[in-house]
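Only one structure is covered here, and it is reproduced in the block below.
Quick note: the coordinates plus some simple rules give every number you see, no bench work behind them. These numbers come from a predicted model, not from an experiment. Here Cβ is always computed from backbone atoms with ideal geometry, including for glycine, and neighbour counts include all displayed protein chains.
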Amino acid sequence: MKESEIIDLFKMKTGEDVIVGPGDDCAVLPGVSFDQYTVVTTDMLIEGTHFLKDQITAKQLAKKSLAVNLSDIAAMGAQPTYVFLSLALPKEISDQWITEFALAFKNECLRQNITLVGGDTNRSSNLIVVNPVVHGTVLKKHLKTRSGARKGDLICVTGPVGDSRAGLRLLQVQSLTSPGSDSLIKAHFEPTAQLQEGFFLGREAAVTAMMDVSDGVAADLSKLLKSSNCEGSIQLEKIPVSSELKDFCCLTKQNVFEFAALGGEDYVLLLTVNENNFLKLQSDFRSECGKDLICIGKITDGSSSKVSYFLNGQNYLLKNSSFEHFE
Ligand code: ADP
Ligand code: MG
């Protein structure tokens, strides 16, 4: 079974108190006051699957495990509040490693103004597992989900993609070297959640749907289109890429835009915007967040959740090799 088929096995009927159940970046539940929602997410990092212990430091792992969860909170237009942390630690792990991990995790919570309120700690036979659960809050009128995209909306991203995937490739193939490899590897080990960006975009009515990019723009856009019952077209050359990624793709002889579209672990935001309000939103986003909102495509007619790709005006068949846990 594929990951999505397994998740489907766990779907159950939910009551009216569940505003959004499985299938979005966070679950959306009743809030602490009548005008708010509580959002909750969990994302697990497993040694060997998501990281190699000898390559990532305890500090980097602590920050990354929180960032990937905060990114789901940002995707809803919400602000994080509380975190639980469950840990599985093998016997071989040193006290120094655990101490460094704990210190970094707490420092990051302080920096993000969130409180660690619980968790679970267990001995595992041989792998480290880190599993935060993050709660957040959002005004009802500012909630964004994956399901609001409409025909004619512009498809946008909030930053460059593909660096993390290239960083991972450099770690996997040690013989590979590229001029910007430090920056690509950093993107893989030290992603940041776009909380300020998500919060700003949540308040903007012109934003019709939003999610974060964890599995790559191509795979994640398909999910957004499925939730919104739409289709989309992407102009690959509009996808923002770093100069380091350009160098890497030149060296490894692959198309940089295709590589970036398939990416993964980018943790930028992917959103759809009402076309008439785009220029104003782009300008406000630049003043508020100090970065560009980049339009990469458009929501088109149809309901099949299909994405058509174009490169310099020509149809482009994207090799669909984005990450799938259960193949
Ligand atoms: P994200 O990448 O944003 O964290 P995922 O693709 O991992 O989202 O998960 C998709 C959706 O499926 C999420 O809403 C998540 O809560 C839900 N989900 C994943 N695994 C399970 C499970 N075992 N039981 C119920 N829901 C699940
Ligand atoms: Mg997500």
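Can you give me the Cα centroid spacing of segment 227-262 and segment 273-322 in angstrom?
With segment 227-262 and segment 273-322 each reduced to a Cα centre, they are spaced 12 Å.
Report the gain in length on full extension from LYS226 to MET44: 0.36 nm times residue separation, minus Cα-Cα distance, nm rounded to one decimal.
63.1 nm
Which distance in Å, rounded to a whole number, links the C-alpha centroids of segment 74-137 and segment 3-63?
The two parts, judged by their Cα centres, are 14 Å apart.
Output wanted: per-residue J couplings in Hz (rounded whole) for segment 25-36, from phi through Karplus 6.51 cos²θ - 1.76 cosθ + 1.60, θ = phi - 60°, x for Gly and Pro.
5, 10, 7, 10, 10, x, x, 6, 9, 4, 9, 10
For the chain, what proportion of DSSP beta bridges, expressed in % and rounded to the nearest 5, is antiparallel?
Counting only bridges with both partners in the chain, antiparallel ones make up about 75 percent.
Full-extension gain between GLU275 and LEU127, please, as 0.36 nm times their residue separation minus the C-alpha to C-alpha distance.
My answer for the length gained is 48.5 nm.
Mean residue ellipticity at 222 nm from the helices of the chain, using -39,500 (n - 2.57) per DSSP H segment of n ≥ 4 over the full residue count, to the nearest 500 deg cm²/dmol?
Estimated from H runs of four or more residues: -10000 deg cm²/dmol.
May I ask you to evaluate 6.51 cos²θ - 1.76 cosθ + 1.60, the Karplus curve with θ = phi - 60°, for each residue of segment 165-177 and list the ³J(HN,Hα) values in order in whole Hz, giving x for glycine and proline?
Each residue of segment 165-177 in turn: 4, 5, x, 4, 4, 5, 6, 6, 10, 4, 6, 6, 9 Hz.
Using the Cα atoms of segment 154-315 to build a convex hull, what is its mean projected area in square nanometres?
Answer in nm², one decimal: 9.5.
Give the percent of DSSP beta bridges with both residues in segment 26-120 that are antiparallel, rounded to the nearest 5. The partial results should precede the final answer.
Values: 4 of 10 bridges.
Here the antiparallel bridges make up roughly 40 percent for segment 26-120.
Considering the convex hull of the alpha carbon atoms of segment 3-142, report its projected area averaged over all viewing directions, in nm², one decimal. The partial results should precede the final answer.
Details: hull surface 37.7 nm².
Value for segment 3-142: 9.4 nm².
On the Cα set of the chain, report Rg and Dmax in Å, please.
Every Cα atom of the chain included, Rg and Dmax give 19.5, 58 Å.
From the phi angles alone, apply the Karplus equation (6.51, -1.76, 1.60; θ = phi - 60°) to segment 256-265 and give each ³J(HN,Hα) in whole Hz, x where the residue is Gly or Pro.
5, 6, 5, 4, 5, 5, 7, x, x, 6
May I have the extent of the alpha carbons of segment 226-286 along their three principal axes, as whole Å values ordered from largest to smallest?
40, 30, 20
Name the residues whose placed amide hydrogens come within less than 5 Å of the amide hydrogen of SER305, ignoring near sequence neighbours (fewer than 5 apart) on the same chain.
Under 5 Å from the amide H of SER305: CYS230, GLU231.
May I ask you to list the residues of segment 56-97 whose amide nitrogen lies under 13 Å from a point 7 Å from Cα along the Cα→beta-carbon direction of THR115?
Once the point is set 7 Å along Cα→Cβ of THR115, 81-84 turn out to lie under 13 Å by backbone N, inside segment 56-97.
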